[in-house]
1. When you scan segment 140-152, do you find a residue that is of a type in the set (A, V, I, L, M), modelled with pLDDT under 90 and away from the ligand (no atom under 12 Å from the Cβ), even just one?
2. Take the residues in segment 99-117 that are part of a strand (DSSP E or B) and charged (D, E, K, R), then tell me which one is farthest from His42 (Cα to Cα).
3. Quick check: is even one residue across segment 214-227 farther than 24 Å from Glu110 by Cβ, at pLDDT below 90 and under 21 Å from the mean Cα position of the chain (by Cα)?
4. Determine whether Val120 is under 17 Å from Gln228 (Cα atoms) and crowded, with 17+ Cβ neighbours inside 10 Å.
5. So, Gly58, is that one in the same structural domain as Lys220 (by TED's automatic domain parsing) and closer than 25 Å to Tyr17 by Cα or not?
6. Being more than 7 Å from the ligand (Cβ to nearest atom), touching a strand residue (DSSP E or B) at 6+ places or on another chain (Cβ under 9 Å) and outside any strand (DSSP E or B) is the filter here, so list the residues in segment 45-54 that pass it.
7. Does segment 164-173 include one or more residues that are touching a residue at least 24 places away in the same chain (Cβ under 8 Å) and either touching a Lys or Arg at 6+ places or on another chain (Cβ under 7 Å) or of a type outside the set (Val, Ile, Thr) (or both)?
8. Six or more apart or on different chains, Cβ under 9 Å: which pairs go from a residue in segment 78-94 that's touching a residue at least 60 places away in the same chain (Cβ under 8 Å) and closer than 27 Å to Lys7 by Cα to one that's more than 13 Å from the ligand (Cβ to nearest atom) and of a type in the set (A, V, I, L, M)? Could you list them?
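The values are calculated or read from the model by the stated rules, or taken from the named source; none is laboratory data. Remember, it's a predicted structure, so these values are computed and weren't measured experimentally. Heads up, the Cβs are rebuilt from the backbone with ideal geometry, glycines too, and the neighbour counts pull from every protein chain shown.
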Amino acid sequence: MKKQTIKDEVKDFYKKYPCGGDWLKDDSRYKILPWLSEVFEHNRHKGKIILDVGCGTGIDLLRYIPTHNAVVGIDISETPLKIAKRRINEIGYAPLLIRCDLENMPLKYETFDMVYSIGVLHHTPDHERGIREIHRVLKSDGEIIILLYHKYSLATLITKINRTVYKLIATLAGPKVLERCLELIIRRKMNPAEVAAFREMWEHPLIKYFTKGEINRIFKEVGFKNIQILTFDALYPLSRVFPKLNKIDVFQRL
Ligand SMILES: C[S@@+](CC[C@H](N)C(=O)[O-])C[C@H]1O[C@@H](n2cnc3c(N)ncnc32)[C@H](O)[C@@H]1O
């Protein structure tokens, strides 16, 4: 029997917990993460050929497809792609979706004007290879928007603490007690997107974090120019409870 690789585990994780859940219907993702709209400025990309790497359930594709004529999404996992297809069909469009590995995309050289990837490259074993693939399919005057986890942020600290506690309970008390504990937290009224976010924090088989220096080095080595690195939501998840914190100058600059 073929040995399960870490990539297979990642694929299986998203089969079980496809990200995005019910977010799409009310557009609440962009309400929860207002800075996403600032980063994307969707209208700026009108008329461009766009690729979403690791499109998941299509939350961002849905923003682009109605106003942009050539938008392609790729993802390694079948379940999120099925959801994306259904949702894009529901708004009256025929989606261009491909199931493939971002580290080896069946796409031609220099095809896209804009490639974006939200929260994906830190979940693939060879992220540098993935970044080289993005560079390969991008036109020479193209633009990318990539979102990665920052090593030095409160969100990362909280995720790491959660994962350590999860492992401790699993080791000391066993899977049944662990599942009971998780159910107690998840039992509250949560939509599938929120459940998936919690499960991802505890159970995702592969999460990487990057410093700004690492990001700069990797993207430069691959051949990207004019690299701009921004950090958002340094105080997440405290900023969700106390949104005014994000308005304080020192935290904005973080
Ligand atoms: C955290 S979700 C993000 C989905 C979407 N970008 C979003 O923001 O809602 C990560 C997605 O990346 C996909 N993914 C992970 N590794 C991949 C790989 N090597 N190639 C293609 N897709 C991959 C997963 O299947 C999953 O749908």
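1. Step one: of segment 140-152, the residues of a type in the set (A, V, I, L, M) are 144-148.
Still in the running and modelled with pLDDT under 90: none.
No: segment 140-152 contains no residue that is of a type in the set (A, V, I, L, M), modelled with pLDDT under 90 and away from the ligand (no atom under 12 Å from the Cβ).
2. Just the residues of segment 99-117 that are part of a strand (DSSP E or B), to begin with: 99, 112-117.
Next cut, charged (D, E, K, R) only: 99, 113.
Working: Arg99: 24, Asp113: 13 Å.
Top of the filtered list is Arg99.
3. No, segment 214-227 contains no residue that is farther than 24 Å from Glu110 by Cβ, at pLDDT below 90 and under 21 Å from the mean Cα position of the chain (by Cα).
4. Details: under 17 Å from Gln228 (Cα atoms): no; crowded, with 17+ Cβ neighbours inside 10 Å: yes.
Criteria not met by Val120.
5. Values: in the same structural domain as Lys220 (by TED's automatic domain parsing): yes; closer than 25 Å to Tyr17 by Cα: yes.
Here the answer is yes, as Gly58 does meet what is asked.
6. Answer for segment 45-54, where residues must be more than 7 Å from the ligand (Cβ to nearest atom), touching a strand residue (DSSP E or B) at 6+ places or on another chain (Cβ under 9 Å) and outside any strand (DSSP E or B): His45, Gly47, Lys48.
7. The initial filter retains those residues of segment 164-173 that are touching a residue at least 24 places away in the same chain (Cβ under 8 Å), namely 166.
From the residues that got through so far, the ones that are either touching a Lys or Arg at 6+ places or on another chain (Cβ under 7 Å) or of a type outside the set (Val, Ile, Thr) (or both) too are 166.
Taking every residue of segment 164-173 in turn, at least one turns out to be touching a residue at least 24 places away in the same chain (Cβ under 8 Å) and either touching a Lys or Arg at 6+ places or on another chain (Cβ under 7 Å) or of a type outside the set (Val, Ile, Thr) (or both).
8. Correct list of pairs: empty, since none qualify.
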